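To start, the structure itself, in structure tokens.
Quick note: the coordinates plus some simple rules give every number you see, no bench work behind them. Only a predicted model underlies this, so the values are computations on that prediction, with no experimental measurement involved. Methodologically, a virtual Cβ is constructed for each residue, glycine included, from the backbone with ideal geometry; neighbour enumeration extends over all protein chains shown.
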Amino acid sequence: MKTLTISDVTLTFGGLNALTEVDMRFEQGLITSIIGPNGAGKTSLLNCISGFYHPSKGEIHYGDRPLTNASPHQVAKLGIARAFQNLELFRGMTVLDNLLLARHHKLNYSFLHALVHFGKASRVEAENRKVVEQVIDFMELEPYRKRNVGSLSYGIQKRVEVARALTMEPEVLLLDEPMAGMNIEEKEDMVRFIMDIQKERQTTIILVEHDLGVVMDISDNIYVLDFGELIGYGKPSEVAQNPKVIEAYIGKG
Amino acid sequence: MSYFFQLVISGIVVGSIYALSALGFVLIYKSSRVLNIAHGQIIAMGAFIVYALTVWVGIPILVSLLASMVISFFLSMSVERIFLRRLIGEPIISVIMVTIGLMSILDGIIYLTPFGSVNFSFPSVLPVTPISLGGVSISWTQLVGVIITVILIGGFSWFFKRSTLGISMRAVSDDQLAAMSIGISVPRVFGLAWAMAGLSAAAAGAIIGNITGLNFDTLRAFGIVVFPVVILGGLDSVVGAVVAGIIMGLIQQFASGYLDGQWGLNGTANVLPYIILLVILLFKPHGLFGTHEIERV
């Protein structure tokens, strides 16, 4: 069992603590959500995991591999993929090219192989195309495969972003507000995709999301952050009863 | 009529050299959004290394051209590693100041060598008599220079379109965060962009040096001449650099061929490119081939 563990992580920006002594465990194959009011440190925490930030104190491990000081591309190569809150897509390229590019790190044939383009290179290339087509199928993106990403609607772009992460065949998938700004129909689609990813691929999913209804429905475990501190943890039903959580969301009665 | 064709030929010769000089500049801008003010110095250094290896060491000129390209490849890569790597994420103006500093340092180093004060010229290995075809003539040096330029530019385009590294470079220039998140090492791509820029600059320098002689100021000036070329082509377009390079070469040749001496005009070749540049930018502010980002609001 490969578990992603965050132990005693503190992240400081010039005297301001974005995260204070946070401990979390993400079990393999489960959907674990991180919730909390705006500015609670949810995205900062994801940034620590993906290597965009390095914690000022504490450690992050994936299995027995330390991630604490890894750079983003190293984290990606370990099988931890991410979909961003604000779309980060290659806007000048087609959906297909965006996804093919995400197979980049799997391209480990040499330059010479690439030059002659047969043998290993063409085998790897064929394999990559197969994976990409499967993901396109899975995320129901067929109508858009040749379209330029920049020209697609926001909801579809969000879906392409998740698809691109999936193309890397990740063991862990970080989803940063995958449903923000979507209408009900698009949200329902996204929920279905997330549950299918968990069921069919046994991917560990770390979900940051503001829609509490969705979070309560699909999460196995929930962590609650407020002002960078962990204030609650448990199954959805437990978290919903937690007085500290209710206070953080609704205020003191 | 043959006068016209003569101007076209010289325009293409000069233009293709502009294109090759601009290529390195565009490579760096495209991947890291850095304007490399020291590009002319790198062009000059490439040329001087070829001369030193050919004349002082006695290596055949083609071998020393390759050697100089390899040396410049690693030199530029180290420049990126030492000076620019730690500036990733800093304001762009600081980065540009660093390249200005780099320009002064390289100037200083070159003034310490004989190349800073003395003009050298390459021994001619090619036949001296120019090739003539129906009243149009081109020297062997120019012809070989153009051929090498075309091969190099073709190679670069292939590299960008097809190779994995080239594609990672395009990905980085499109969206850095996304590139990192799919496992591309952005610093490595920056290093490679500088290295390739160094390589193409060395080749450009050697070709210019063979045609015009080795004068530091002339060579260094190519770092400035590339500005109108890359702005015309669109700062981040390789194709744009090539097309704009040729256009610029043709404009200059036509200007000095037809306008100079008329109506008391002189030195129009130096002015006209900028006038045309201004006019084109009025209508196409992103250059002929530059990325025009449409922001959805």
Work out the charge dipole of chain A with +1 on the Cβ of Lys and Arg and -1 on the Cβ of Asp and Glu about the Cα centre, then indicate which of A:Y154, A:H73, A:F13 is farthest towards its positive end.
-> A:H73
Estimated inter-spin distance, A:E238 and A:Q74, nm [label 7 Å along Cα→Cβ] | 3.4 nm
Dividing the alpha-carbon radius of gyration of chain B by 2.2 N^0.38 Å (N being the number of residues), what value is obtained?
-> 1.01
Using a Gaussian network for chain B with springs between C-alpha atoms less than 10 Å apart, which of these wobbles most: B:A193, B:A179, B:A44?
-> B:A179
Measuring from the longest principal axis of the C-alpha atoms of chain A, the long axis of helix A:120-138 (C-alpha) lies at a number of degrees, nearest 10, equal to 50 degrees
Everything considered on the Cα gyration tensor (a ≥ b ≥ c; rounded for a/c under 1.5, else prolate if a/b is larger than b/c, else oblate), the range B:1-96 must be described as oblate
With chain A reduced to its Cα atoms and the Debye formula applied, log10 I(q)/I(0) at q = 0.10, 0.14 1/Å amounts to -0.51, -0.97
Among B:P114, B:L75, B:F190 - extreme Cα towards positive end, dipole of chain B, charges at beta-carbon = B:F190
Where in chain B are the helices, taken as whole DSSP H runs, whose Cα atoms extend 18 angstrom or more along the long axis and whose Kyte-Doolittle mean reaches at least 1.0?
-> B:2-32, B:39-51, B:61-79, B:92-112, B:140-162, B:186-212, B:216-233, B:238-254, B:268-283
When you look at the Cβ of every residue in A:90-100, what mean number of other chain Cβ atoms sits within 10 Å?
-> 3
Given only helices, namely DSSP H runs of n ≥ 4 each adding -39500 (n - 2.57), what is the per-residue ellipticity at 222 nm of chain A, to the nearest 500 deg cm²/dmol?
-> -11500 deg cm²/dmol
Rounded to 0.05, the calculated FRET efficiency for the beta carbons of A:M195 and B:L282 at R₀ = 41 Å is 0.15
Add -39500 (n - 2.57) for each DSSP H run of 4 or more in chain B, then divide by its residues: what number comes out at 222 nm, to the nearest 500 deg cm²/dmol?
-> -23000 deg cm²/dmol
At R0 = 51 Å the Cβ-Cβ FRET efficiency linking B:R86 and A:D220, nearest 0.05, sits at 0.75
In debye to the nearest 20, the charge dipole size for chain A, taken about the Cα centre with +1 at each Lys and Arg Cβ and -1 at each Asp and Glu Cβ, equals 880 debye
Global geometry of the range A:145-188, whether rounded, prolate or oblate, following the gyration tensor of its Cα atoms and the 1.5 cut on a/c | oblate
For the protein assembly as shown, using Cα atoms only, the Rg and Dmax in Å read 28.3, 97
Mind checking the angle between helix A:184-201 and chain A's longest principal axis? C-alpha axes, 0 to 90 degrees, to the nearest 10.
-> 70 degrees
25 Å Cα-Cα threshold exceeded, pairs from A:K2/A:K199; A:K77/A:K130; A:K42/A:K235; A:K187/B:K161; A:K2/A:K57 = A:K187/B:K161
Hey, fewest Cβ within 10 Å first, where do B:H286, B:H39, A:H104 land in order?
-> B:H286, A:H104, B:H39
Using the Cα centre as the reference, give the magnitude of the dipole from point charges on the C-beta atoms of the protein assembly as shown (Lys, Arg: +1; Asp, Glu: -1; all else neutral), rounded to the nearest 20 debye.
-> 1440 debye
By Cβ neighbour count within 10 Å, fewest first, B:W194, B:W56 rank B:W56, B:W194
Counted neighbours (other Cβ, 10 Å), sorted fewest up, put A:T94, B:T129 in the order B:T129, A:T94
Partner chain coverage, peptide B:150-160 - average Cβ within 10 angstrom | 0
According to a simple spin-label model (label point 7 Å from Cα along Cα-to-Cβ), what is the distance in nm between B:L112 and B:A221?
-> 2.8 nm
Pair B:W140, A:N86: separation of 7 Å Cα→Cβ label points (nm) = 6.0 nm
Mean 1/r over distinct Cα pairs of the range B:176-297, inverted to a Kirkwood Rh in Å, yields 16.9 Å
Evaluated at 20 °C with a viscosity of 1.002 mPa s, what Stokes-Einstein diffusion coefficient in µm²/s does the range B:177-241 have when Rh comes from the Kirkwood expression over alpha-carbon pairs?
-> 153 µm²/s
Cβ-derived FRET efficiency at R0 41 Å, A:L16 paired with B:S104, nearest 0.05 = 0.55
